Each structure stands twice: as structure tokens, then as C-alpha cells.
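See structure below.
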Amino acid sequence: MGKTNLLDAVYYLSFCKSALSPSDNGNIMHDAAFFMLQGAYTSDSGIDNEVSCGIKRGDKKLFRRNGKAYERLSDHIGFIPLVMVSPADNELIAGGSEERRRFMDVVISQYDKEYLGALIRYNKALQQRNVLLRGEREPDADMVSLMEEMMVTEALFIHERRRQFTDELVPIFTSFHNAIVGGDEDVSLRYRSHLDENDLAALLAASRGDDRRLGYTSKGVHRDELVMQLNGFPIRKEGSQGQNKSYLVSLKLAQFDFLRRKGGETPILLLDDIFDKLDGHRVEQIVSLVSGDGFGQIFITDVNREHIDGILERINGEYRLFEVKKGEAVLVKSKEE
């Protein structure tokens, strides 16, 4: 009826893109020529800001902060830190390594502008190398070397930042998982990269022939991986639905806590229909965690009204309960502090 779309609109105003649709045109209603989003925000220090986004079908999107347009969308990333937990997160476990790299990139880019810039430059050099490799004629060796030099410079920076991020995130993740599950499951999270024990320049030079036959670059930080394990085995093969969900919620809450510590601003937390497949104890522990100190504004969606009422009864702070019908959100219950 529109609950997830509402959360996606909040997500969009933080990341300049949808969490659900890869195409901006896919967010415009079929009979409409454009869409418009506006959000009013108050920072932890009490500063008010208005953020808006508008896009016409087939045109470039326009983001504004307090009426002033951004020259580059990347300048907005991190201004409104946000963490979203949704059923789509299962792809972090079940999907390919690109999903787990995207997780790292989304977190680090929210507090480290240098990282986002390095990532953009690395990907441009990577794309240009791949174009050269796929050409009908043998690629110019000097041009390939130039692209590789650009990749290596940025890759060293990216690798170091990802290493620092995972080293700091793992103990936070483990703490949240123990709080939710009770320490009965042994979970681990480990960063793995070609750069861990190898020189990327040498790897790229040695793999040119193979990469030419493949048509793409097989070595580099664009192949990095986050290894997720449960009781010493890959969680994608070992975990039940409940165990996987507990792992993912713990990971996202760790992401939230990490961003709060790094950026100094409390992120917005979006919980989209996350309590399905979890037993009562785990639901109770998650609600207890997010309603405690350190968490700010939280959006929770659920299809079960009795379920959500039970959750709200355990929340000490203020809340507002809305029902979404045909895309319209109607206030049905509230509690003010």
C-alpha cells in the first residue's frame, strides 16, 4: 500500500537515489512527467535544513539544500546519515560479492569524502582499462599502463580505508549479535582483498593476457570480498532464515553505531518489515536495543497491526503510528513525551 515507498523516499533524500529502483524514471508514476521530494531535517545541534529533489522524465535530477542546488550529487552524500534494514538485505548474504562491496562503500562514503572520490576515480580508470581490453585491435600498452597506474594509486587508498573500516566494525557487530542472540552462535566477518598480500601493479601487468581473453579486469579492489561465517562455515550455506536475519540486523545496527561515532550526527534508522522470520526473543532484544540511548528517529514498518502495537508498548519514548492506505499515510495513534 506504500509503506516501503515512504521509507524509500526518506532513503532517496540521503543517497540521491532509490534503494529499490536502479532507474530514476522508474520512480515517476506512469501518468506523470516528474516527481518531487522534500524533507525537513533538524540536526543533533538543532540546526534546521530543507532538502529537496526533483526530476523530469529523461532529464538530470536536481538536488537542493535550503534552496541552493548542488553542483555534484556526491557533495550531498553523508549530510543526512541513514541506515536502512529491509528484506532486500538478504542479498548481502545470498548475492554476489558486489553486494558486500556496496555495503562497505555506502558506509564509508557517508563519513569519508576522500574515499568516495577515490572510488569514483578508480572505477573510471577500471572502465577505461576494460574498454581497451575489449577492443578489436591489440590495446596500446602505454595506455593500458597509464590506466593501471591510476587504478593502483586509488586502490591502495581504498584498500586501507576498507581495512580500517572492517577492523573497527567487527567488534561492534559482534557485540550487537551477542545482545540479540545471546552468544549462542559463533559469527565472524572478515575483509579479503587481492591487495592483502600482493602488489596490484604486478598483478595487473601479469594478468593482461588473461584479462584480454576474458574482456574484463580480474584483479583489483573491485573484486574485494566480505567473508561472512556462522560457526566457522559460510553463512549463506549454514544459516537458517532466522539466523541470517539476526546476522543482517546485527550488521546494520553496527553500521548505525559506527556512523554515529564517526560522523558525530545520529543517523536516521529505517526498519522495513524486519521482524518476520524472527522468534519473540530476538524481536524483543532488537526493540530493546533500538529504543535505548544512542538511537534517534526511527521509522518502523510492519504488516501486522497487533505486532506493531506490541512493539510500541515496549518503547519508552514518543512515537506516532500511521496507517498507509493507497499511498496515503494517516495518523491513527501517538504518544508524546
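Computed from the coordinates by the stated procedures, all read-outs in this text should not be read as laboratory data. All figures in this text were calculated on a predicted structure; none of them were measured in a lab. Here Cβ is always computed from backbone atoms with ideal geometry, including for glycine, and neighbour counts include all displayed protein chains.
Worth pointing out:
- Gyration tensor (Cα) of the stretch 1-94, equivalent ellipsoid semi-axes in angstrom: 21, 19, 13
- Dipole orientation for the chain: of the candidates Val131, Ser109, Gln243, Val131 has the Cα lying most toward the positive pole (charges on Cβ; Lys, Arg +1; Asp, Glu -1).
- Across the stretch 223-273, counting alpha-carbon atoms alone, Rg and Dmax equal 13.5, 37 Å.
- For the stretch 258-318, a Kirkwood hydrodynamic radius built from all Cα pairs, placed in the Stokes-Einstein relation at 20 °C and 1.002 mPa s, yields a translational diffusion coefficient of 171 µm²/s.
- Estimated inter-spin distance, Met143 and Asn231, nm [label 7 Å along Cα→Cβ]: 5.4
- What the Cα atoms of the chain give is an Rg and a Dmax of 21.9, 70 Å.
- 12 Å beta-carbon shell around Asp167, net charge (K/R +1, D/E -1): +2
- C-alpha long axis of helix 113-134 to longest principal axis of the chain, angle in °: 50
- Alpha carbon convex hull of the stretch 100-252, volume per residue in cubic angstrom: 120
- Whole-percent pair-distance distribution, where bins are 5 Å wide, for the alpha carbons of the stretch 287-337: 4, 17, 31, 27, 14, 6, 1
- Between Lys68 and Val324, the simple spin-label model (points 7 angstrom out along Cα→Cβ) gives 3.3 nm.
- Measuring between their Cα centroids, the stretch 177-252 and the stretch 134-159 lie 25 Å from each other.
- Alpha-carbon radius of gyration plus Dmax, which is the widest Cα pair, for the stretch 162-287 in Å: 18.2, 56
- Simple point charges give the picture: +1 on the Cβ of Lys and Arg, -1 on the Cβ of Asp and Glu, and for the stretch 100-228 a dipole about the Cα centre of about 460 debye.
- Of Lys237/Lys277; Lys113/Lys245; Lys245/Lys277; Lys3/Lys335; Lys17/Lys61; Lys17/Lys56, those spanning more than 19 Å from alpha-carbon to alpha-carbon: Lys113/Lys245; Lys3/Lys335
- Assigned charges on the beta-carbon of Lys, Arg, Asp, Glu; the stretch 244-307 dipole about Cα centre (debye): 280
- Whole-Hz Karplus values for the stretch 250-257 come out as 4, 5, 6, 5, 5, 4, 4, 5 Hz, taken residue by residue from phi with 6.51 cos²θ - 1.76 cosθ + 1.60 and θ = phi - 60°; glycine and proline positions read x.
- Leading residue at positive end of dipole, the stretch 209-337 (Cβ point charges), from Val283, Leu214, Phe233: Leu214
- The Cα atoms of the stretch 82-145 cover 47, 28, 11 Å along the three principal axes, with the biggest extent listed first.
- Computed from the C-alpha gyration tensor, the three semi-axes of the ellipsoid equivalent to the stretch 115-173 are 31, 10, 8 Å, from longest to shortest.
- C-alpha center-to-center spacing [the stretch 18-89, the stretch 303-337] in angstrom: 25
- Other-chain or far-sequence residues with amide H under 5 Å of Val187's (modelled H): Asn231
- As a size descriptor, the averaged projected area of the C-alpha convex hull of the stretch 90-188 was calculated at 8.3 nm².
- The stretch 233-337, Rg to Rh (Cα coordinates; Rh as Kirkwood inverse mean 1/r): 0.99
- Seen from a random direction on average, the alpha-carbon convex hull of the stretch 164-232 projects onto 6.0 square nanometres.
- Using Cβ point charges alone (K and R +1, D and E -1), the dipole size of the stretch 116-181 about the Cα centre works out to roughly 260 debye.
- Simple rule: put +1 on each Lys or Arg Cβ and -1 on each Asp or Glu Cβ in the chain, find the dipole, and look at Gly327, Met29, Ile308; the Cα lying farthest toward the positive end is Met29.
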